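One structure is given below, encoded as structure tokens.
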Number of protein chains: 2
Amino acid sequence: MQLDEAKEKFIQTWGALGSNWGINRTMAQVHALLLVSPGSLSADEIMEALNISRGNANMNLRALIDWGLVTKEHKSGERRDFFYAEKDIWQVAQQVIIERRKRELKPVLKVLEELREVEGQATNPEARAFAESVQNLHSIVAQADKFLEIAVTAERNWFFESLFKMFNRKLQS
Amino acid sequence: MQLDEAKEKFIQTWGALGSNWGINRTMAQVHALLLVSPGSLSADEIMEALNISRGNANMNLRALIDWGLVTKEHKSGERRDFFYAEKDIWQVAQQVIIERRKRELKPVLKVLEELREVEGQATNPEARAFAESVQNLHSIVAQADKFLEIAVTAERNWFFESLFKMFNRKLQS
DNA sequence: CCGAACTTTCAGTAAATTTTGAAGGTAAGC
DNA sequence: GCTTACCTTCAAAATTTACTGAAAGTTCGG
């Protein structure tokens, strides 16, 4: 496979993955393009490479900057802005986890905590079932949140080593 | 807060969460409704509770069944179908992980493996950068996939205990 | 077999999301 | 302080996705 073909495929795949995960296709494609470009690119280069309008490029770049995945760069002697993506995928993953925890997990936890205060008579089976669902869900979400917090705090090597050990113990048993 | 109000809020929150994670809002709401209902519900009850059409209810129920989150039940002496949701959230989480691994992670891994076979001259910095990105990404995705496989294979207690130990060691250091 | 009770499908429509392009803004260089 | 090269915004258009409702299909009791 040739390099250009491979890049194209990479961009398409990343775009498809993104759109399954609530990130819009174009945003993911811009990110993919920057990931596989060794240097930084101007807005025009991105527009041309992906066949999108200036406005679209601008908005998606802004969103990527907002997520902390892309940085705007001022080259001296250049009037244009240039953009480059964080290349260390572990950093990228951490950044995404930080954002999604903040934007999605925290609000859900908050609601679930409120819902635990339902006036629940232990006599009413409907109320009992509800309280139990809420409680269980809260417990899983809270544990997932905790896990992700550790993943974000941790050093990459420490983290994967620990998982690896965990896996090995599993295999022995 | 009263029970009905709480249920309503739960359904809304679950729906919002779902739509951030590639599950459509209505599907998530149907799931939430079934989760907080102690018994099983008929299509008509679901339609009425969520104000959706028969067709919509049917399609989303089918999708939920497809994901293994909801089961259709034949009550003897009843001609209608009834539906209930798996209430053990850990089971639900495992089911979701199984499906998403199959539907999304595996295809991405496949593409990344193909892309490692790019005709890469180590001399070309563009090809080098590309190969490195692909390699790193593959490594992270593969590790995540492995981790999720463990989560799915594991007993709930074993799994959380291991994570708990991992956290504690982290906290001491 | 027939009809009633219910379920499924799907073409058309509605709603939500994404994209465009042009107008307006900004700042550097002359 | 004007021009040029670029960036940003946003209303309207295009596209994608979800929903409806009526028609076709299925199943069961009689």
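Okay, here's what the table says:
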item	result
Charge dipole (debye, nearest 20) of chain A; +1 at Cβ of Lys and Arg, -1 at Cβ of Asp and Glu	220 debye
Residue mean of other protein chain beta carbons inside 10 Å, A:60-70	0
Distances in nm from A:Gln143 to the matching label points in the other copies, shortest first (labels 7 Å along Cα to Cβ)	2.3
Percent of C-alpha pairs per 10 Å bin, the range B:30-173, short to long	9, 25, 22, 20, 15, 6, 2, 0
Cα gyration tensor category, rounded, prolate or oblate, for the range A:25-93 with a/c compared to 1.5	oblate
Label point at B:Met59 placed 7 Å out along Cα→Cβ; residues across the range B:13-27 whose backbone nitrogen lies under 19 Å	B:15-16, B:18-27
Other-copy label distances relative to A:Asn51, 7 angstrom Cα-Cβ extension, nm	4.1
Which of B:Glu86, B:Glu8, B:Glu117 has the fewest Cβ neighbours within 10 Å, and the rest in rising order	B:Glu117, B:Glu8, B:Glu86
If the convex hull is drawn through the Cα atoms of the protein assembly as shown, its volume per residue in Å³	196 Å³
Residue exposure sequence - B:Lys102, A:Lys72 - by fewest surrounding Cβ within 10 Å	B:Lys102, A:Lys72
Using θ = phi - 60° and Karplus 6.51 cos²θ - 1.76 cosθ + 1.60, couplings along the range B:75-89 (whole Hz; Gly, Pro as x)	7, 5, x, 10, 8, 5, 8, 10, 10, 9, 9, 4, 8, 6, 4
Exposure proxy ranking, count of Cβ atoms within 10 Å, fewest first, for B:Ile23, A:Ile150	A:Ile150, B:Ile23
Reachable lysines from B:Lys146, criterion Cα separation under 25 angstrom, eight or more residues apart if same chain	A:Lys9, A:Lys87, A:Lys146, A:Lys165, A:Lys170, B:Lys102, B:Lys106, B:Lys110, B:Lys165, B:Lys170
Teacher prompt: A:Asp81 distances to equivalent labels in other copies, 7 Å Cα→Cβ, nm	5.1
Size of the range B:94-164 as Cα extents on the principal axes (Å, biggest first)	51, 26, 11
Length added when fully stretched, A:Trp21-A:Phe167, from 0.36 nm per residue minus Cα-Cα	49.9 nm
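Computed from the coordinates by the stated procedures, all read-outs in this text should not be read as laboratory data. Please read all numbers here as calculations on a predicted model, not as lab measurements. Positions of Cβ are backbone-derived with ideal geometry, glycine not excepted, and every protein chain shown enters the neighbour counts.
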